[in-house]
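Right, one structure below, let's go through it.
The values are calculated or read from the model by the stated rules, or taken from the named source; none is laboratory data. Since the model is a prediction, treat every value here as computed from it, not as a measurement. In this analysis, Cβ positions are derived from the backbone assuming ideal geometry, glycine residues included, and neighbour counts consider all displayed protein chains. Ligands, DNA and RNA are excluded from the accessible area calculation, which covers all protein heavy atoms including side chains. Shrake-Rupley method; radii C 1.70, N 1.55, O 1.52, S 1.80 Å.
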Amino acid sequence: GDLSGRRAPWRWYVGSAGGSEDLGRLLKSVGLMSVPAQTPILLPLTARVLPRLVGRVEPVAGLHVSQVRDRPGMAAWVAARAASNGWGERTASAWLTMHLGLGFDEAEPLQHLVARLGGRPVGTATVFLDTDGTAGIYHIEVVPAARGKGIASWLTAAAIGLAADHDA
(Lines give C-alpha, C1' and ligand atoms only; values in the text may rest on other atoms or scores of the structure.)
Protein backbone atom coordinates (compact mmCIF):
# COMPACT_ATOMS: atom_id res chain seq x y z
CA GLY A 1 0.00 0.00 0.00
CA ASP A 2 0.86 3.66 -0.21
CA LEU A 3 2.09 5.20 3.04
CA SER A 4 2.73 8.69 1.65
CA GLY A 5 -0.23 10.27 3.48
CA ARG A 6 1.28 9.46 6.87
CA ARG A 7 4.38 11.66 6.44
CA ALA A 8 6.15 9.88 9.28
CA PRO A 9 9.88 9.12 9.40
CA TRP A 10 10.79 5.47 9.02
CA ARG A 11 14.15 3.87 9.51
CA TRP A 12 15.46 0.77 7.87
CA TYR A 13 18.76 -1.03 8.18
CA VAL A 14 20.35 -3.05 5.43
CA GLY A 15 23.34 -5.20 6.28
CA SER A 16 25.99 -6.61 3.98
CA ALA A 17 23.65 -9.43 2.94
CA GLY A 18 20.80 -6.97 2.52
CA GLY A 19 19.54 -7.64 -0.97
CA SER A 20 18.55 -5.11 -3.59
CA GLU A 21 20.49 -1.89 -4.11
CA ASP A 22 17.14 -0.40 -5.11
CA LEU A 23 15.62 -0.97 -1.66
CA GLY A 24 15.85 2.69 -0.62
CA ARG A 25 14.20 3.86 -3.84
CA LEU A 26 11.50 1.20 -3.47
CA LEU A 27 10.72 2.16 0.13
CA LYS A 28 10.56 5.86 -0.78
CA SER A 29 8.23 5.06 -3.69
CA VAL A 30 5.58 3.77 -1.28
CA GLY A 31 5.78 6.90 0.87
CA LEU A 32 8.49 6.20 3.43
CA MET A 33 10.76 9.14 4.26
CA SER A 34 14.47 8.84 4.75
CA VAL A 35 15.96 10.00 8.05
CA PRO A 36 19.59 10.93 8.63
CA ALA A 37 21.93 8.03 9.29
CA GLN A 38 22.92 7.39 12.88
CA THR A 39 26.57 7.30 13.81
CA PRO A 40 27.36 4.23 15.91
CA ILE A 41 29.46 4.45 19.03
CA LEU A 42 32.05 1.70 18.97
CA LEU A 43 33.44 0.50 22.26
CA PRO A 44 36.02 -2.25 22.73
CA LEU A 45 34.64 -4.21 25.67
CA THR A 46 38.11 -5.45 26.50
CA ALA A 47 38.90 -1.90 27.68
CA ARG A 48 36.47 -2.41 30.57
CA VAL A 49 35.17 1.13 30.50
CA LEU A 50 32.18 0.32 32.71
CA PRO A 51 33.81 1.34 36.02
CA ARG A 52 34.88 4.66 34.50
CA LEU A 53 31.40 5.25 33.07
CA VAL A 54 29.53 4.40 36.27
CA GLY A 55 31.89 6.64 38.22
CA ARG A 56 30.70 9.59 36.14
CA VAL A 57 26.95 8.90 36.37
CA GLU A 58 25.06 10.64 39.14
CA PRO A 59 22.97 8.36 41.39
CA VAL A 60 19.21 8.41 40.82
CA ALA A 61 17.30 7.91 44.08
CA GLY A 62 14.82 5.03 43.87
CA LEU A 63 16.04 3.78 40.47
CA HIS A 64 16.32 0.03 39.90
CA VAL A 65 17.50 -1.44 36.59
CA SER A 66 16.88 -5.14 36.02
CA GLN A 67 17.10 -7.66 33.23
CA VAL A 68 13.79 -8.87 31.80
CA ARG A 69 13.36 -12.53 32.75
CA ASP A 70 9.58 -13.12 32.69
CA ARG A 71 6.26 -12.01 31.25
CA PRO A 72 5.64 -9.23 33.84
CA GLY A 73 9.13 -7.88 33.18
CA MET A 74 8.50 -7.86 29.43
CA ALA A 75 5.15 -6.16 29.97
CA ALA A 76 6.94 -3.46 32.01
CA TRP A 77 9.57 -3.07 29.27
CA VAL A 78 6.88 -2.68 26.60
CA ALA A 79 4.87 -0.26 28.79
CA ALA A 80 7.92 1.98 29.19
CA ARG A 81 8.68 1.85 25.44
CA ALA A 82 5.04 2.62 24.64
CA ALA A 83 4.99 5.61 26.99
CA SER A 84 8.36 6.83 25.66
CA ASN A 85 7.21 6.68 22.05
CA GLY A 86 3.53 7.56 22.31
CA TRP A 87 2.40 4.15 21.08
CA GLY A 88 -1.21 3.12 21.15
CA GLU A 89 -2.49 -0.15 22.61
CA ARG A 90 -2.35 -1.98 19.27
CA THR A 91 1.35 -1.24 18.75
CA ALA A 92 2.23 -2.05 22.36
CA SER A 93 0.32 -5.33 22.16
CA ALA A 94 2.13 -6.31 18.95
CA TRP A 95 5.53 -5.59 20.54
CA LEU A 96 4.63 -7.58 23.64
CA THR A 97 3.45 -10.56 21.59
CA MET A 98 6.56 -10.49 19.42
CA HIS A 99 9.01 -10.31 22.31
CA LEU A 100 7.17 -12.88 24.42
CA GLY A 101 7.58 -15.23 21.46
CA LEU A 102 11.34 -14.66 21.44
CA GLY A 103 11.68 -15.69 25.08
CA PHE A 104 13.80 -14.63 28.05
CA ASP A 105 16.56 -17.22 28.23
CA GLU A 106 20.03 -15.93 29.11
CA ALA A 107 21.38 -17.73 26.04
CA GLU A 108 19.19 -15.66 23.70
CA PRO A 109 21.09 -12.96 21.82
CA LEU A 110 18.43 -10.30 22.49
CA GLN A 111 18.38 -9.14 26.13
CA HIS A 112 16.21 -6.38 27.60
CA LEU A 113 16.60 -4.11 30.60
CA VAL A 114 13.85 -2.16 32.32
CA ALA A 115 14.38 0.78 34.66
CA ARG A 116 11.88 1.31 37.45
CA LEU A 117 11.56 4.44 39.53
CA GLY A 118 9.48 3.97 42.64
CA GLY A 119 8.37 0.62 41.18
CA ARG A 120 7.02 2.16 37.95
CA PRO A 121 8.63 1.25 34.60
CA VAL A 122 10.26 4.43 33.30
CA GLY A 123 12.99 3.33 30.89
CA THR A 124 14.31 0.63 28.61
CA ALA A 125 17.45 -0.70 26.99
CA THR A 126 18.04 -3.64 24.68
CA VAL A 127 21.33 -5.43 24.06
CA PHE A 128 21.95 -7.69 21.08
CA LEU A 129 24.77 -10.09 21.91
CA ASP A 130 26.23 -11.35 18.66
CA THR A 131 28.18 -14.58 18.37
CA ASP A 132 31.23 -12.73 17.00
CA GLY A 133 31.87 -10.98 20.32
CA THR A 134 30.17 -7.73 19.38
CA ALA A 135 27.10 -6.22 21.01
CA GLY A 136 24.55 -3.68 19.87
CA ILE A 137 22.74 -1.42 22.30
CA TYR A 138 19.27 -0.24 21.30
CA HIS A 139 16.09 1.27 22.72
CA ILE A 140 17.66 3.51 25.36
CA GLU A 141 14.38 5.26 26.11
CA VAL A 142 12.89 7.07 29.08
CA VAL A 143 9.26 8.10 29.58
CA PRO A 144 8.76 11.88 29.24
CA ALA A 145 7.90 12.48 32.92
CA ALA A 146 11.20 10.89 34.04
CA ARG A 147 13.58 12.48 31.54
CA GLY A 148 16.47 14.66 32.64
CA LYS A 149 17.23 12.65 35.78
CA GLY A 150 20.12 10.53 34.46
CA ILE A 151 18.07 7.37 33.89
CA ALA A 152 19.28 6.95 30.29
CA SER A 153 22.87 7.15 31.55
CA TRP A 154 22.22 4.33 34.02
CA LEU A 155 20.49 2.26 31.35
CA THR A 156 23.46 2.76 29.04
CA ALA A 157 25.90 1.74 31.78
CA ALA A 158 23.79 -1.34 32.59
CA ALA A 159 23.63 -2.29 28.89
CA ILE A 160 27.41 -1.95 28.54
CA GLY A 161 27.82 -4.03 31.70
CA LEU A 162 25.55 -6.76 30.31
CA ALA A 163 27.53 -6.80 27.06
CA ALA A 164 30.86 -6.85 28.92
CA ASP A 165 29.69 -9.74 31.12
CA HIS A 166 28.74 -11.64 27.97
CA ASP A 167 32.19 -10.95 26.48
CA ALA A 168 34.06 -12.09 29.62
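Here are a few things to note about the model shown:
- Using C-alpha pairs under 8 Å with a sequence gap of at least 6, the mean separation divided by the residue count of region 64-117 gives a relative contact order of 60 percent.
- Taking all protein chains together, SER29, SER84, SER153 sort by accessible area into SER29, SER153, SER84, largest first [probe 1.4 Å].
- Looking at region 80-168, the GluC sites (Glu not before Pro) that sit in a DSSP loop and have at most 16 other Cβ atoms within 10 Å of their own Cβ are GLU106.
- Net charge in the neighbourhood of PRO72 (other residues with Cβ under 14 Å of its Cβ; Lys, Arg +1, Asp, Glu -1) is +3.
- Charge context of ALA115, other residues only, Cβ under 13 angstrom, K/R +1, D/E -1: +4
- Cut-off 10 Å between beta-carbons: net charge of the residues surrounding THR124, Lys and Arg +1, Asp and Glu -1: 0
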